[in-house]
Amino acid sequence: MSERAAHRRPAAVLEHGAEPIPGLPEPLPPGERILWQGRPVFASLARRAFHLRAVAGYFVLLALWKLVTGLYDGAGWAAAGLDAFGLVVPAGLAIAVLALLARAYARSTIFTITDRRVVIRFGVALPMAVNLPFRQIAGAAVALFRDGTADLPLTLAGPDRVAWLHLWPFVRPWRLRHPEPMLRAVPNGAEVARILRLALEQAAAARAAEVPPESREAAAARTGPLAAAA
């Protein structure tokens, strides 16, 4: 990537050809270095983005409802149980499709944090790369989970936005008007959050050094330490 591309507004671009570096559509400019790369954890992505547990729970409740209503209507245990058992096939198909999608996204996605930007490469049929220079990141948050993974949503500065649907599933839920790209189901989440926090702080300090003294405090405040995600 050129220096000019490094500081342009956030944009999703179609990847062309082979990647010079896994997860990056173009070589890094001189002086830029990768601090961390990784993929989302499949099990965590399946639970939190594709809601496998919620879907499975829905079918369990639906089966219980059919069993109870069948018994209430006078059907025997065998007939009511057979009616409820009929949900096994559609439930299995729904869960299998969601699990396959989660697996495909987990395998095709690479998160990259450099000392100048965050890049999210994702997509199954149509791989895309979202370039997020630190200059365009107004803030970051972190949500840690018991399995050691984390979600790291990024608040973007300026009026330019990437469409919520274009970013899914790597976007903060329900932030439709102001979409927040999100590193989702990140392994070793606490350590990656620390790496991102330090990189943002160092980039903010470097930007503050480039502006007049009276403006440095405001420039440094644009990107503070990671907050807890709601």
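Values in this text are rule-based calculations from the coordinates and carry no lab data. Everything quoted here is computed from the prediction, not taken from an experiment. Positions of Cβ are backbone-derived with ideal geometry, glycine not excepted, and every protein chain shown enters the neighbour counts.
I need the phi-derived Karplus couplings for the stretch 177-193: 6.51 cos²θ - 1.76 cosθ + 1.60, θ = phi - 60°, integer Hz, Gly and Pro marked x.
With coefficients 6.51, -1.76 and 1.60, one gets 6, 10, x, 10, x, 9, 6, 10, 6, 6, x, 6, x, 4, 5, 5, 4 Hz.
Taking the Cβ-Cβ separation of residue 163 and residue 209 as r and a Förster radius of 45 Å, what is the calculated FRET efficiency to the nearest 0.05?
Plugging the Cβ-Cβ distance into 1/(1 + (r/R0)^6) gives 0.80.
I'd like the projected area of the stretch 64-190, averaged over all directions, using the convex hull of its alpha carbons. Report it in nm² with one decimal.
Computing the convex hull of the Cα atoms and averaging its projections yields 11.2 nm².
Using modelled backbone amide H atoms (1.01 Å from N, in-plane), which distant-in-sequence or interchain residues come within less than 5 Å of residue 149's amide H?
189
What list of ³J(HN,Hα) couplings, whole Hz, do you get for the stretch 82-89 from phi and the Karplus terms 6.51, -1.76, 1.60, once you set θ to phi - 60° and write x for glycine and proline?
Result, rounded to whole Hz: 5, 5, 5, 5, x, 7, 4, 5.
If the chain between residue 155 and residue 138 were fully stretched, how many nm would it gain, using 0.36 nm times the residue separation less the Cα-Cα distance?
Between residue 155 and residue 138, full extension yields an extra 5.6 nm.
Between the stretch 83-138 and the stretch 168-186, how many Å separate their Cα centres?
Taking the Cα centre of the stretch 168-186 as reference, the centre of the stretch 83-138 is 11 Å away.
Expressed in nm to one decimal, what extension gain is obtained for the pair residue 101 and residue 89 from 0.36 nm per residue of sequence separation less their Cα-Cα distance?
2.5 nm
Search the structure for amide H atoms under 5 Å from the amide H of residue 35, placed 1.01 Å from N in the peptide plane, and list their residues when 5 or more places away or on another chain.
113, 114, 115
Give me the number: length gained by fully extending residue 177 to residue 69, i.e. 0.36 nm times residue separation minus the C-alpha to C-alpha distance, one decimal in nm.
34.6 nm
What residues have an amide H closer than 5 Å to that of residue 156, excluding those fewer than 5 places away on the same chain, when H is modeled at 1.01 Å from N in the peptide plane?
Hits under the 5 Å cutoff: 138.
Can you compute 3J(HN,Hα) from phi for each residue in the stretch 141-146, using the Karplus curve 6.51 cos²θ - 1.76 cosθ + 1.60 with θ = phi - 60°, rounded to whole Hz and x for Gly and Pro?
Once rounded to whole Hz, the list reads 9, 9, 10, 9, 10, 5.
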